[in-house]
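Taken together, the values in this text are just the output of simple stated rules run on the coordinates, not laboratory data. Because the structure is a prediction, the values reported are computed rather than measured. All Cβ positions, even for glycine, are placed from backbone atoms using ideal geometry, and neighbour counts span all protein chains on display.
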């Protein structure tokens, strides 16, 4: 069981509280994150209203994931949020990880765009897992690799959301990845430069391996499955 032991049974802020208790995150910063949780809660409500679907469980990650590749010397990218499939009690559980840095320094609009963007990843991952052909032999012997590279694994927002302003917001903020220079600068100056906790991640960290038995036994949200079925019907033959 990964993803922070399933975010300590899905209390969204418990990992942040632990980081404060361990002296890794200042109390003042944690207080700022708590105050701005209303942005995330409002964003989730907006996504649910615009999609007619329930948002998956989410939590706040106090350690900032930062990617760096050898092919891009001196370049780094902050992963402000990620969709993470994990296993719990023999089935797949899909979580959304939002970083404390996003809430601390992001605007209301950016938080809403990120929450909506991650929801498109979530629907795409349910589509991928629920339409996988699982045989008895595969259940016994095979691990299923689920990749969720940001540029590829999304459902177009216009196919999910009825809120045109939300669709426009996501489209503006995400071309290939989140575009918010003000946020990047604040995080660079106020988080990375101050040696707050970060974790270097590589491309391999954006892949998880799920037992086929867990995939086969998972009961996904019926409303999301219905949406997936609609999306499959609209695909060109």
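Placing a pseudo-label 7 Å from each Cα along the Cα-to-Cβ vector at residue 107 and residue 225 gives an inter-label distance of 4.1 nm.
If R0 is 35 Å, the Cβ-Cβ spacing of residue 17 and residue 158 corresponds to a FRET efficiency of close to 0.40. Each label was represented as a point 7 Å from its Cα along the Cα-to-Cβ direction; for residue 233 and residue 130 these points are 1.3 nm apart.
The label point for residue 41 and the one for residue 28, both projected 7 Å from the Cα toward the Cβ, are 2.5 nm apart.
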